[in-house]
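Only one structure is covered here, and it is reproduced in the block below.
The values are calculated or read from the model by the stated rules, or taken from the named source; none is laboratory data. Not measured: the values here are computed from a predicted model. As a convention, Cβ positions derive from the backbone with ideal geometry for all residues, glycine included, and neighbour counts pool all protein chains shown.
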């Protein structure tokens, strides 16, 4: 531990107001790093769809012993070390995937879930990397096993996840397609590396995919939309294709003809990042540092930061996310600690 660490801190918590849940500034004790954890003086925090879900559910679900404060990713400086921390030293600049607690001046993170901040990124840009990059790598490359020469479709191409997925997959040499709302956002997907951005308001994305692939379909789909997209996803997949759901913007129920799954030998799954083990996340962090971090440092892959808000205005940041006014990511800025 270092000297002169504050005992309490500014934070933003989930509160109930007139039957609805929202965010409110508060003060909390500074968390103490446990074994294999580091304490980070937060300079910026990413805002994510999971935060919105947590707020709508009144602060749930969280595992026993976890903080009730929202926020899954931050960037800042390590100011204290728990027992058995070997990778990091005090003063290191890191971006980190958290178990929660990012909407605060200080946060703790497992040492294996931290990554060094590339020199070309500022605090806010660094803060919006972990949640999306960990999600993309674990779902597309680990769970779905996107292999060399295979093609990929991202449903929700201008979301934080979508922006990261398009850049990562295309930079690694995959043929990428992406859906988005409106021609302007479809064009953004193409600028990020998609060979075809598909305006789902005016085009049937399954028909476009089949036309673009000569009737074959794509090998992997990552979907944050769900609902009535499921039937089109199945139609757009190639034989042996894999479909992974990580969200449900259009709902979590749908009806399909199972014969299509059997005929094409498809695999459908889903996942959430937060419940996965620290050990798994550390494996993902190591893969990202080896395969993707050099591409970020060189500028080949860039975080797309739409806008920032002060920590005290976290409610406005969440409203921006909810109203889908953003392209890419939104971040909270924390004053110097």
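Residue check: is residue 275 within 28 Å of residue 79 (Cα to Cα), assigned to a loop (DSSP other than H, G, I, E, B) and at pLDDT below 95? Yes.
Scanning segment 208-260 for residues that are in a helix (DSSP H, G or I), in contact with a helix residue (DSSP H, G or I) (Cβ under 7 Å, 6 or more places away or on another chain) and over 23 Å from residue 176 (Cβ atoms) yields a total of 1.
Within segment 57-78, being in a strand (DSSP E or B) and either surrounded by fewer than 21 Cβ atoms within 10 Å (Cβ to Cβ) or without any contact (Cβ under 8 Å) to a residue 60 or more places away in the chain (or both) holds for 73, 74, 75, 77, 78. Just one of the numbered conditions (1) touching a helix residue (DSSP H, G or I) at 6+ places or on another chain (Cβ under 6 Å); (2) assigned by TED's automatic domain parsing to the domain that holds residue 320; (3) crowded, with 22+ Cβ neighbours inside 10 Å is not true of residue 118: (3). Take residue 146 and tell me if it is under 25 Å from residue 180 (Cβ atoms) and assigned to a loop (DSSP other than H, G, I, E, B). The answer is yes for residue 146.
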